[in-house]
Amino acid sequence: MATPEFIRAVRESIGHQLLFLPGVSAIVFDEDGRVLLARRTDTRRWSIIGGIPEPGEQPAAAAVREVYEETAVRCVPERLVLAQTLRPVEYPNGDRCQFMDITFRCRRTGGEARVNDDESLEVAWFPVDALPTLEDFAVTRIKQALDEGPAWFEPAGPL
């Protein structure tokens with residue numbers, strides 16, 4: 001994932017300190033029920049599509065933008081799948097971030113899947129019963145996007 005300019009500016013002031021950031025993920029299905037995945041340039045692994053909203057950008061709009069920027073696929077969000085704060089991560093350069101991921105189930109409305117920026121090595125549609133090796137994070141979100149239940153979140157503890 002390319003680092004947005006507004007985060008680079010913050011990093012100039014705070015260095016490698018932990019940043020708490022919003023993140024969006026999009027589970028995009030086509031008319032055949034296949035899911036859109038990209039093989040990332042940074043990890044070389046297949047993953048769901050996602051990114052960081054720009055300041056003031058609505059999460060659903062950010063998901064649509066990220067899908068198009070990375071894959072040239074146009075989509076529409078159909079429902080909220082989950083909201084979850086993830087564990088902190090540390091990048092090779094020492095930057096530390098913790099993301100609150102908001103995941104949307106999306107439906108393809110147009111465009112042909114292709115690598116559309118420098119964040120992906122490959123982009124492809126996969127049947128849900130024939131997925132490549134994915135991180136648990138991605139598998140969980142795909143399964144939850146297939147479930148028609150309410151949006152998932154971790155319950156709040158007692159006050």
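The values are calculated or read from the model by the stated rules, or taken from the named source; none is laboratory data. Keep in mind that this is a model prediction, so the values were computed, not measured. Cβ sites come from the backbone with ideal geometry, for glycine too, and all protein chains shown count toward neighbours. Accessible surface is based on the protein model in full, side chains and every heavy atom, while ligands, DNA and RNA are left aside. Shrake-Rupley method; radii C 1.70, N 1.55, O 1.52, S 1.80 Å.
For the range 1-86, the list of trypsin sites (Lys or Arg not before Pro) that fall in a loop by DSSP and count at most 10 other C-beta atoms within 10 angstrom reads Arg44.
Of all the stretches in the chain, which is the longest one without any exposed loop site, taking GluC sites (Glu not before Pro) in a DSSP loop (any state but H, G, I, E, B) with at most 16 other Cβ atoms within 10 Å?
Details: sites that count: Glu31, Glu57, Glu112, Glu135, Glu148.
After excluding every exposed loop site, the longest remaining stretch is 58-111.
Overall, the range 1-114 carries a charge dipole of about 300 debye about its Cα centre when +1 sits on the Cβ of Lys and Arg and -1 on the Cβ of Asp and Glu, all other atoms neutral. Around the amide H of Glu78, modelled in the peptide plane, lie the amide H atoms of Arg105, Cys106, Arg107, all under 5 Å away and 5 or more residues distant in sequence or on another chain.
Adding -39500 (n - 2.57) for every DSSP H run of four residues or longer, then dividing by how many residues the chain holds, sets the calculated 222 nm ellipticity at -6500 deg cm²/dmol. Toward the positive end of the charge dipole of the chain, with +1 on the Cβ of Lys and Arg and -1 on the Cβ of Asp and Glu, the farthest Cα among Ala124, Val10, Thr140 is that of Thr140. Across the range 119-136, rounded Karplus estimates of 3J(HN,Hα) from the backbone phi angles (6.51 cos²θ - 1.76 cosθ + 1.60, θ = phi - 60°) give 8, 10, 8, 8, 9, 7, 9, 10, x, 5, 9, 9, 6, x, 4, 10, 5, 3 Hz, Gly and Pro being marked x.
Averaging over all projection directions, the Cα-based convex hull of the chain occupies 10.3 nm² in the image plane.
Entry comment: accessible area of the range 19-140 is 50 Å² per residue, from protein heavy atoms only and a probe of 1.4 Å.
With θ taken as phi - 60° and the Karplus curve 6.51 cos²θ - 1.76 cosθ + 1.60 applied, the whole-hertz 3J(HN,Hα) list for the range 71-88 is 10, 6, 8, 9, 8, 10, x, 9, 6, 7, 8, 6, 9, 7, 7, 8, 5, x Hz, x standing for glycine and proline. The relative contact order of the chain comes to 29 percent, based on Cα pairs under 8 Å that sit 6 or more residues apart. Taking 4.7 Å between beta carbons as the limit, the unpaired Cys residues of the chain are Cys97.
Quick check: from the Cα gyration tensor, does the range 77-159 come out rounded (a/c under 1.5), prolate or oblate?
Details: a/c = 2.00, a/b = 1.17, b/c = 1.71.
Here the range 77-159 falls in the oblate category.
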